[in-house]
């Protein structure tokens, strides 16, 4: 059997692991690649996916970096079934349509700019119609129920403790001509013990192949008490200056965890009497789905709900559903907490709030989730002095807070503890969904503690997985695609244009002064943009 890594290979987005066995071709997850242009260009690599040849998908959870290309697959010929947990079905009904809306709006924005310059128009990656078409293929499966999506392939969703309805997969595949099934575990995104709202991750049975996420493979998170303290400090800091607290938050899980934490601060008397704006229609609808499935949340949350205490509500909570309601937040004078998507600040309404507040000394920008490489959030966290938002360079004068304790991903020690409860010396461990530095650190620890083989696949790399003599054996064909930027060509092209500019200036210097001034102003503007780029590299 063969597996190819179409995403989440030395990156944390675009999760998709394509398997071929017994004449079937299927994938675990089908996520959107998110980050810079180089990463996002992978979304259009249909030749790698070949949607019309895919028999079915197994989806671990509803986050867009695990599901966001499903409408694209349907648009280009996929007609199989999409298996996921029951809450994930409900979540995908809103997540995929919202993703499609973003694709349409981004395409419209680009086309408006392009039209002004007489350039070519672009099509959205997919439309809301494509998203609606994808929904009819969803099949909800309860936790711990074994099912057989194809002969010889048995699957069970187990609770991963990451978000509502999240799962890791236990899978047994009996390959044709073999007398023993091969056992797989795909972690999806692994949650944390004692996390807000969610139950602890289940423990898998012994496995031959383990594919485990490594997002935080090189660090641990702070405890709940420290996390609440940091949030309270950020709020108090900006209240002192009568400025806003902007929290870019993923609509699914992170927003609900923030609301839960603000509720706790209120009960402790540490939440000032200021408005809390939830400015994300998707997050508002997602919160309602959380309320629909209390049985999929932890015992503490269920007890609060049973006692009549809604942990996701606040006296000063205000919903901003319409664009006008969102815009009015910027006109609000004084301190307020604004929770808005997207969590990496690369789309959605939060970009407008950053544009209005990032340059303001005394404001707080509170990052509460992972910031993928190439995203605006990552650039801000890494110390950028200015950042380009909605076509404008914005100075970073606000106080930047990164509160890792809100993460719904397991930290390094939590991954190690989980793996140690079922991994055996013969298990082959693949590290996925992480950046290379984190993966190298985690690989060294796992190898040292459990004496197992570790593999870190690259984008588009293929593996042949076999069972010989009752032991899992792996071979690695050189199928990975090396990717690099041809800087020599790019800089030579830039230099050639500068040479052309010198010749043009010789012509312009003989024209009337007003024409020369126009050219001068444009060159000054270009030099300013180049200087900004240099400061951001």
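The values are calculated or read from the model by the stated rules, or taken from the named source; none is laboratory data. Remember, predicted model here, so these are calculated numbers, not experimental data. Because the Cβ atoms are built from the backbone with ideal geometry, glycine has one as well, and the counts that use them run over all protein chains shown.
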* Structure fact -> When region 327-341 is checked residue by residue, the ones that are closer than 17 Å to residue 282 by Cα and part of a strand (DSSP E or B) are 338, 339, 340
* To do: Inspect all residues belonging to region 255-266 and state whether any of them is part of a loop (DSSP other than H, G, I, E, B) and either more than 28 Å from residue 229 (Cβ to Cβ) or assigned by TED's automatic domain parsing to the domain that holds residue 365 (or both).
  => no
* Structure fact -> Reported set for region 510-537 where residues are part of a helix (DSSP H, G or I) and farther than 30 Å from residue 376 by Cα is 513, 514, 515, 516, 517, 518, 519, 520
* Structure fact -> If you go through 177, 191, the only one that is part of a loop (DSSP other than H, G, I, E, B), assigned by TED's automatic domain parsing to the domain that holds residue 15 and at positive phi is 177
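Yes/no per residue for (1) modelled with pLDDT of 95 or more; (2) closer than 21 Å to residue 341 by Cα:
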site	(1), (2)
139	yes, no
148	yes, no
153	yes, no
169	yes, no
176	no, no
179	no, no
214	yes, no
222	no, no
238	yes, yes
* To do: Consider only pairs whose beta carbons are under 9 Å apart and that are at least six residues apart or on different chains; among these, list those whose first residue lies in region 86-97 and is closer than 13 Å to residue 285 by Cα and whose second residue is modelled with pLDDT under 95 and outside any helix (DSSP H, G or I).
  => 91/252; 94/251; 95/251; 95/252
* Structure fact -> Out of (1) free of Cβ contacts under 8 Å to residues at least 24 places away in the same chain; (2) touching a strand residue (DSSP E or B) at 6+ places or on another chain (Cβ under 7 Å); (3) within 30 Å of residue 305 (Cα to Cα), the one residue 172 does not meet is (3)
* Structure fact -> Among strands (runs of 3 or more DSSP E) entirely within region 407-509, at least 3 residues that are closer than 24 Å to residue 34 by Cα and either assigned by TED's automatic domain parsing to the domain that holds residue 197 or modelled with pLDDT under 95 (or both) occur in 428-432
* Asked: Any idea which residue in region 377-388 is surrounded by the fewest Cβ atoms within 10 Å (Cβ to Cβ), counting only those that are assigned to a loop (DSSP other than H, G, I, E, B) and in contact (Cβ under 8 Å) with a residue 24 or more places away in the chain?
  -> 385
* To do: Could you please find all residues in region 273-303 being in contact (Cβ under 8 Å) with a residue 60 or more places away in the chain and within 20 Å of residue 224 (Cα to Cα)?
  => 297, 298, 299, 301
* Considering each of 312, 354 in turn, give the residue that is within 23 Å of the chain's Cα centre (by Cα), farther than 27 Å from residue 161 by Cα and surrounded by 14 or more Cβ atoms within 10 Å (Cβ to Cβ). => 354
* Asked: If you go through region 268-292, how many residues are outside any helix (DSSP H, G or I) and in contact with a strand residue (DSSP E or B) (Cβ under 6 Å, 6 or more places away or on another chain)?
  -> 6
* Residue within region 158-171 that is over 21 Å from the mean Cα position of the chain (by Cα) and over 30 Å from residue 405 (Cα atoms) present -> yes
* Asked: Can you spot a residue in region 389-397 that is within 22 Å of residue 235 (Cα to Cα), at pLDDT 95 or above and crowded, with 22+ Cβ neighbours inside 10 Å?
  -> no
* What single numbered condition from (1) more than 23 Å from residue 252 (Cβ to Cβ); (2) under 26 Å from the mean Cα position of the chain (by Cα) fails to hold for residue 451? -> (2)
* surrounded by fewer than 21 Cβ atoms within 10 Å (Cβ to Cβ) and either assigned by TED's automatic domain parsing to the domain that holds residue 65 or in a helix (DSSP H, G or I) (or both): does that describe residue 242? -> no
* Do we find that residue 374 is within 30 Å of residue 41 (Cα to Cα), crowded, with 23+ Cβ neighbours inside 10 Å, in contact (Cβ under 8 Å) with a residue 40 or more places away in the chain and not assigned by TED's automatic domain parsing to the domain that holds residue 163 in this structure? -> no
* Structure fact -> Picking from 303, 251, the residue that is outside the structural domain of residue 160 (by TED's automatic domain parsing), surrounded by 21 or more Cβ atoms within 10 Å (Cβ to Cβ) and either under 23 Å from the mean Cα position of the chain (by Cα) or outside any strand (DSSP E or B) (or both) would be 251
* Asked: Of the residues that sit in region 357-371 and are part of a loop (DSSP other than H, G, I, E, B) and at pLDDT 90 or above, which one is surrounded by the fewest Cβ atoms within 10 Å (Cβ to Cβ)?
  -> 361
* **Matching option when the condition is farther than 25 Å from residue 253 by Cα and either touching a strand residue (DSSP E or B) at 6+ places or on another chain (Cβ under 8 Å) or surrounded by fewer than 19 Cβ atoms within 10 Å (Cβ to Cβ) (or both), among 438, 443** => 443
* Asked: With 363, 341, 345 as the choices, which residue is over 30 Å from residue 11 (Cβ atoms) and not assigned by TED's automatic domain parsing to the domain that holds residue 434?
  -> 363
